[in-house]
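The values are calculated or read from the model by the stated rules, or taken from the named source; none is laboratory data. If you're wondering where the values come from, they're calculated on a predicted model, not measured in any experiment. Because the Cβ atoms are built from the backbone with ideal geometry, glycine has one as well, and the counts that use them run over all protein chains shown.
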Amino acid sequence: MGGPRDHHTHSAFNKRSRWRKPRRTSKLLASYGCETIRAKAALNGNGMFGDLLKWVEPLRWDLKITEMKFMKLGSKPDLFQSNGENIRYVATDVAADMVVIVGDVKFFVHKFPLLSKSARLQKLAAVSDNGNNKEIEINDIPGGPTAFEICAKFCYGMTVTLNAYNVVLARCAAEYLEMYETVDKGNLVYKIKVFLNSSIFRTWKDSIIVFQSTKCLVSWSEELKVVSHCLESIVSKVSVDTSKVEWSYTYNRKKPGDESLSYDGVRKQVKVPKDWWVEDLCDLSSDLYKRVMIAIKAKGNTSSDVVGESLRLYVQKRLPWFGKRSGKKDGDDVKARSLIEMITELLPDEKENVSCGFLVHLLHTCVLLGCAGTRKKELMRRIGNQLQNAAVSDMVILDVDLVQELVAIFMMRDQNGGNEFLEVKHVDSDAKVNVAKIIDGYLAEIAKEPNTSLLNFADLADMVSTLPRSTHDGIYRAIDMYLKEHPGIGKSKKKRICRLMDCRKLSPNACRHAVQNERLPLRVVVQVLFVEQLRATTTGVMPTEAAIGGGSSRTNTEEEWGSVPTSEELKALKGEVEKDGGRMNKAKGAVISKRIFMKVFSSKDRDSDNGSSDTSESRSTNAEETKSCTPPSRSRRHSLS
C-alpha cells in the first residue's frame with residue numbers, strides 16, 4: 001500500500017446494489033460517470049442523458065461514484081496533421097482556403113467551420129479579404145497554438161477532450177475568439193462554463209489542478225473569474241465538516257488508529273482527519289498557496305492548529321533540508337528566503353496554536369537564509385512564549401546564543417522590564433519545570449561538541465538555575481558529558497562547572513553514579529557521600545558498597561581540579577562514614593566530621609609537592625567544612641576563579 005492513496009474512490013460498479021437499471025443505462029453510467037452525465041444533460045436537454053440523470057442523481061453519494069475529470073466534445077475523428085514542425089493542416093479532400101498564423105505555427109484551415117463559430121475570426125477574415133490576403137495573424141491568443149487547435153477542432157466537430165489540465169487554455173482561447181451563443185447555439189464558451197460549474201468546481205482535486213493552471217494565464221483567468229471560482233471551491237471544501245467529506249484526497253501521514261480493514265480487504269479511512277486537505281495544497285505554487293491560506297483564515301472555519309500543520313508540510317515539501325541540523329543545501333536562496341518569510345507571515349495569530357518544533361525550525365532556517373530581522377524577532381517571541389512546549393531534539397539545531405535569547409524571553413514573560421534574570425513568579429509551575437528539563441537536555445547535547453565553550457555552557461545553565469527542578473539529575477548528566485568530552489579543562493573551569501548542580505538534589509541513582517565517576521573532583525564526591533549519609537540517617541539504611549564505589553578503579557592526575565580519590569581511599573571513607581553513622585542517627589543534621597575530610601585530603605597531600613587549594617580548604621575550620629558541603633550562592637556561580 002505504498003504511495004499516495006485516494007480515499008473513497010472505489011468503483012461503485014463492482015459492488016452489489018439493490019438498484020436495478022437497464023443494461024444500456026449501466027453501460028452509459030460506467031462510460032461517462034455521474035458528473036459528465038449531468039453536464040451532457042444540461043447541454044443537450046433531457047433526452048437519453050436527462051433520463052439517465054434521474055436514475056443516477058439520488059444514488060450519487062450512496063454509491064460514491066468518482067467524478068469524471070474530462071468531457072468529450074464532438075464525434076468526428078481528429079484529422080489535424082503536421083507537415084514539419086511549424087505547419088498544421090486538416091487532411092481532407094477540400095483544399096484549405098484560410099491560413100491562421102499563431103506564433104510560429106501556421107494552420108491551414110477552412111473558413112466555413114471556423115467563421116461559423118468565431119466572431120473574432122469573422123472580423124479578421126473580412127479585413128484580410130479586403131486586402132486579398134488569405135493569412136490571419138493572432139499572435140496574442142491566450143494559450144498559443146495548443147489552445148487555438150482545441151478551438152479549431154471543436155469548430156470542425158472533431159473529438160476534443162477537455163480536462164482539468166487544458167480547460168483553462170480552452171476557456172481563455174474561446175473567449176478571445178468570441179465563441180459565444182450569439183454566434184452559434186451551443187458554442188464553446190457556454191459548454192466550457194457548464195463543464196466547469198457542473199464538474200470541475202464540484203471536484204476537490206480538479207479545482208486545485210485548474211487553480212494551478214491559471215498561473216500561466218493570470219490576467220485572463222482573473223477577468224473570467226476562473227481564479228475566484230477555484231478559490232471559492234477549495235475554501236468551501238476545506239471548511240466543510242469532516243463527516244461530509246465524500247471526495248478523493250491524498251493523505252500519506254499515517255497516524256495510529258486512522259485506518260482499518262474494510263470490505264474485500266481494502267484499506268479505507270474510518271474517520272476523515274481534520275487535516276485531510278493539507279497535502280493536496282502542497283501542489284500549488286507559493287503565490288497561489290498564499291491566496292488559498294489567506295482565504296481559509298479569513299473564512300474562520302478551520303482551526304489554527306490545522307493551518308499550522310498545512311504551513312509546516314508545505315515548507316517541508318518545498319525545502320527538503322528544512323529542520324535538519326546539517327543546514328541548507330545548494331539552491332536558490334532568494335526563493336527559499338521569500339518562502340520562509342511568506343510562511344512566517346501566514347502563521348495564525350493565536351497563542352500556542354502552532355507546533356513549537358515547527359517554529360524552532362523556521363527560526364533556524366531564518367538564520368541560515370538571513371531573513372528580515374522582523375521575521376526573526378517575531379519567531380523568537382513566539383518560541384519564547386511557549387518554550388515549555390519545545391523538544392530537545394528540535395532545540396539542538398539552534399546555536400547557544402539563540403537559545404539564551406529564547407530563555408531570556410521566557411524568563412522575562414511576567415517581569416516588569418527589569419534587566420536581571422529574576423525568578424519567574426507568575427508563570428505556570430509546570431512550564432518552569434519543563435523549561436528547566438529542556439535546557440538540561442540541551443546542555444547535555446551541546447556538551448558533546450568540542451567547540452562548546454565553558455562560558456556559554458555555564459551562562460545558559462545559570463539562566464535557568466532559579467527554575468524549579470524535582471532533581472538535578474539532568475544538569476549532572478550535562479556536566480558529566482562536558483567533563484567527558486573536554487578532559488583537558490583546568491581546575492578553575494572544573495570548579496566552575498561543578499558548582500552548577502546541587503548535590504542534595506541528586507536522585508539515589510545519580511548519587512551511585514557520581515561516587516564512582518572518576519571525572520568528578522574529590523570535593524563533589526565527598527558532598528555526594530555526605531548526601532547519602534544524611535539520607536541514611538532518615539531511612540536507617542547505610543549506603544551500599546556499590547554506592548561508595550569500592551569496586552571501581554580510579555586514576556589521579558595533577559591537571560584535574562581538586563583531588564580524585566582512589567578506590568582504597570573511598571573504602572576507608574566508607575568505613576569512617578559507617579562508624580559515624582550511629583552518632584549521626586542521634587543528631588540528625590550533623591555534618592561529616594573534620595577527621596573524615598582530613599583523612600581523604602591529607603592522602604593527596606602526601607602525593608603532591610605543592611598541595612592544592614582544595615587541600616587547604618579541607619584543613620580549615622568546621623564552619624568552613626560545613627560551607628563546602630552547602631550549595632554555593634548564586635553570586636559564586638558567576639565566578640570563574
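Just to be sure before I move on: is residue 161 surrounded by fewer than 19 Cβ atoms within 10 Å (Cβ to Cβ), over 37 Å from the mean Cα position of the chain (by Cα) and under 30 Å from residue 250 (Cα atoms) in the structure I sent?
Values: surrounded by fewer than 19 Cβ atoms within 10 Å (Cβ to Cβ): yes; over 37 Å from the mean Cα position of the chain (by Cα): yes; under 30 Å from residue 250 (Cα atoms): yes.
So residue 161 fits the description; yes.
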Consider residue 307 carefully, then state whether it is under 22 Å from residue 292 (Cβ atoms), modelled with pLDDT under 90, in contact with a helix residue (DSSP H, G or I) (Cβ under 8 Å, 6 or more places away or on another chain) and not charged (D, E, K, R). no
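So which residues in the stretch 311-345 are of a type in the set (S, T, N, Q) and either modelled with pLDDT under 85 or more than 16 Å from the chain's Cα centre (by Cα) (or both), if there are any at all? I'd like the intermediate steps shown before the answer.
Initial filter on the stretch 311-345 (of a type in the set (S, T, N, Q)): 316, 326, 338, 344.
Of everything in the stretch 311-345, those that are of a type in the set (S, T, N, Q) and either modelled with pLDDT under 85 or more than 16 Å from the chain's Cα centre (by Cα) (or both) turn out to be 326, 338.
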Can you say whether residue 118 is within 18 Å of residue 176 (Cα to Cα) and among the polar types (S, T, N, Q), as far as the supplied structure shows? yes
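Just to be sure, is residue 483 touching a helix residue (DSSP H, G or I) at 6+ places or on another chain (Cβ under 8 Å), modelled with pLDDT of 85 or more and buried (at least 19 other Cβ atoms within 10 Å of the Cβ)?
Details: touching a helix residue (DSSP H, G or I) at 6+ places or on another chain (Cβ under 8 Å): yes; modelled with pLDDT of 85 or more: yes; buried (at least 19 other Cβ atoms within 10 Å of the Cβ): yes.
Spelling it out, residue 483 is indeed touching a helix residue (DSSP H, G or I) at 6+ places or on another chain (Cβ under 8 Å), modelled with pLDDT of 85 or more and buried (at least 19 other Cβ atoms within 10 Å of the Cβ).
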Cβ contacts < 7 Å: first residue among the polar types (S, T, N, Q), restricted to the stretch 466-493; second residue part of a loop (DSSP other than H, G, I, E, B), any location; separation 6+ or different chain. Result? 466/423; 471/506; 471/507; 492/561; 492/640; 492/641
Check 448, 432 and return the single one that is of a type in the set (Lys, Arg), in contact with a helix residue (DSSP H, G or I) (Cβ under 9 Å, 6 or more places away or on another chain) and within 16 Å of residue 395 (Cβ to Cβ). 448
Within the set of pairs 6+ apart or on separate chains, which have a first residue in the stretch 207-219 that is surrounded by 23 or more Cβ atoms within 10 Å (Cβ to Cβ), a second that is in a helix (DSSP H, G or I) and basic (Lys, Arg), and C-beta atoms under 8 Å apart? 207/237
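Step by step: first the residues of the stretch 380-416, then only those that are in a helix (DSSP H, G or I) and charged (D, E, K, R), then the one that is farthest from residue 344 (Cα to Cα). Which residue is that? Quick ask: steps written out before the conclusion?
The initial filter retains those residues of the stretch 380-416 that are in a helix (DSSP H, G or I), namely 380-385, 387-389, 392-395, 400-411.
Right, trim to charged (D, E, K, R) and you get 381-382, 394, 401, 405.
Values: 381: 12, 382: 11, 394: 18, 401: 22, 405: 19 Å.
Taking the candidates together, the pick is 401.
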Within the stretch 162-203, which residues are in a loop (DSSP other than H, G, I, E, B) and not hydrophobic (A, V, I, L, M, F, W, C)? 165, 166, 178, 180, 181, 182, 184, 185, 186, 187, 199, 203
